[in-house]
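Working notes, structure below.
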Amino acid sequence: MRRNPKLTCLGPPAELLPPSSRSLGHCLLTAATRVRIPLGVRIAGILPAIRAIMTNPDHEHWMRQALQLAHEAAAQDEIPVGAIIVHHPENAQPRIIGQGFNRREAHHDPSAHAEIVAMRQAGQALNHWRLLDCTLYVTLEPCPMCAGALVQSRLPRLVYACRDPKAGAVDSLFQLCTDPRLNHRLEILSGILAEESATLLREFFAARRSKPPTP
């Protein structure tokens with residue numbers, strides 16, 4: 001008999017964390033893959049939507065493209081994080097309207113994170129600062145700056161690959177994107193291509209540490 005993962009309320013916000021030994025719908029999930037939803041939302045009422053989000057095969061397709069951008073960043077000696085924004089209005093084909101990777105070194109800009117670069121492109125594409133009907137895919141959990149910008153953009157959904165225990169502001173250190181005190185909250189899905197993204201980051205920093213110091 002197929003059993004769905006138990007939904008539990010862990011305080012603000014509610015969280016869905018399916019164990020690796022269970023399945024949701026037809027798609028086997030890993031323990032790292034989860035959805036966060038804002039406090040106060042009736043979980044039973046949105047369970048079909050959660051199933052649709054978590055079993056959507058397109059998530060890996062889009063994250064794969066963000067990961068390619070992260071590899072491009074590494075090739076340019078930038079921290080390997082890539083991001084894309086997919087616009088998916090009702091009754092229309094989804095398309096990428098923003099993409100980017102870390103450009104802090106090249107642009108001498110502390111705000112040039114992958115998410116910010118992608119959001120700026122998306123705003124120009126939509127001719128509006130509100131990024132409605134969009135999903136941002138990024139290979140690393142956003143930092144406080146980027147998480148705050150996501151809230152300000154009114155973007156409805158964030159999908160990220162691996163956690164950032166030192167600077168993550170979505171799940172790890174803060175929960176800015178689902179904080180009930182703010183005037184906008186996002187749907188969060190994490191764990192898509194997490195191991196590949198984390199491996200790329202580990203290898204990048206290991207290679208950087210092995211380089212002789214610049215005289």
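The values are calculated or read from the model by the stated rules, or taken from the named source; none is laboratory data. Please read all numbers here as calculations on a predicted model, not as lab measurements. Ideal geometry is used to build each Cβ from the backbone, glycine not excepted, and the neighbour counts take in all protein chains shown. Protein only, heavy atoms only, side chains kept; ligands, DNA and RNA dropped before computing areas. Shrake-Rupley method; radii C 1.70, N 1.55, O 1.52, S 1.80 Å.
Solvent-accessible surface of the stretch 94-141, averaged per residue with a 1.4 angstrom probe and all protein chains in place: 50 square angstrom.
Computed in the context of the full set of protein chains, the accessible area of the stretch 120-183 at 1.4 Å probe radius has 52% of its extent on carbon or sulfur.
Subtracting the Cα-Cα distance of SER111 and ARG208 from 0.36 nm times their residue separation leaves 32.7 nm of extension gain. Mind grabbing the base-10 log of I(q)/I(0) for the stretch 88-177 at q = 0.13, 0.18 Å⁻¹? Debye formula, identical points on the C-alpha positions, no solvent, two decimal places. For the stretch 88-177 at q = 0.13, 0.18 Å⁻¹, log10 I(q)/I(0) is -0.41, -0.78. The slack in the chain from ASP133 to GLU90, taken as 0.36 nm per residue of separation less the alpha-carbon distance, amounts to 14.7 nm. Of the peptides 95-107, 148-160, the order by per-residue mean of other Cβ atoms within 10 Å, starting with the highest, comes out as 148-160, 95-107. How far apart, in nm, are the 7 Å Cα→Cβ label points at ARG64 and ARG181? So the label points at ARG64 and ARG181 sit 4.2 nm apart.
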